[in-house]
Amino acid sequence: MRGGHQGRTQPGGDGPEYFGDDNGYGGYGAAPDPYAANQPGHTQAFSVDEAGAYTQGATYHAGSAAPSGPIGPRLHWKDLLRGIVLAPNQTFLQMRDYSMWAPALIVTFLYGLLAVFGFDGARSDAINATLSNAVPIVLVTAVAVVVMSFVLGVVTHTLARQLGGDGAWQPTVGLSMLIMSVTDAPRLLFAMFFGGDAGFVQLLGWATWVGAGALLTLMVSRSHDLPWPKALGASAIQLIALLSIVKLGTF
């Protein structure tokens, strides 16, 4: 062994090189090849953070997309009632994931209490009856209106689901109850003074019925992600019931 490292072969030699020189991959003090990990036979380690960077926020759910969440906070009941008339599109989108039983039941019950005085026959019975008899008439009518509007809302929701809708039943029923009560309020106001059979009241009933149809169609479309023809079809039974039972004074 003379003057050199055992096992080291000079350039041009045929033997293996155990301790690599400055241009090798494993020499002492030599800089590592930055591309070595990408060569065949080499592996590259990833840290937890690096591996997570490839999948964070990019997980794909095969066959379905993640459901979208609410687009805004729950509206206060005043903003809800105002929004149904002034900004229905935004209101229905924002409330499609929230139930609203308190406003729906209270508003519909109050509407039912006044509904007696908007129909000629019921109003005369209530006015001519004694107080002990009038109170039950008014209360029974209010409860009947609440139950009727609830059932019609459930029917609308069921039809929307049958037509491919994906909305929840509680927002659909609650909004349908509010739409029925709010849109019929102008007709009821005039019917209390002029009678439900008056020509002007009948025309107003037709106009508010068309408005109720537009709002119900828009609500079902936004709540169930349906095109407007299917949304109108889902609302058809409720609209026919409103026309025959409430709008034309045949309660």
Can you run down the residue pairs with Cβ atoms below 6 Å, 6 or more apart or on separate chains, where the first is in region 190-204 and at negative phi and modelled with pLDDT of 80 or more and the partner is charged (D, E, K, R) and part of a helix (DSSP H, G or I)? 204/187
Scanning region 186-205 for residues that are in contact with a helix residue (DSSP H, G or I) (Cβ under 7 Å, 6 or more places away or on another chain) and hydrophobic (A, V, I, L, M, F, W, C), the one surrounded by the fewest Cβ atoms within 10 Å (Cβ to Cβ) turns out to be 200
Mind checking which residues of region 155-172 are in contact (Cβ under 8 Å) with a residue 24 or more places away in the chain, touching a His at 6+ places or on another chain (Cβ under 6 Å) and part of a helix (DSSP H, G or I)? 160, 172
With the structure loaded, tell me whether residue 225 is within 19 Å of the chain's Cα centre (by Cα), closer than 24 Å to residue 100 by Cα and among the charged types (D, E, K, R) or whether it fails that test. yes
Among the residues of region 80-107, count how many are surrounded by 14 or more Cβ atoms within 10 Å (Cβ to Cβ), within 13 Å of the chain's Cα centre (by Cα) and in a helix (DSSP H, G or I). 5
Residue that is nearest to residue 198 (Cα to Cα), among those in region 225-251 that are surrounded by 24 or more Cβ atoms within 10 Å (Cβ to Cβ) and at pLDDT 90 or above: 238
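The values are calculated or read from the model by the stated rules, or taken from the named source; none is laboratory data. Here the structure is a predicted model, which is why all the values come from computation and not from measurement. Glycine gets a Cβ as well: all are built from the backbone with ideal geometry, and neighbour counts include every protein chain shown.
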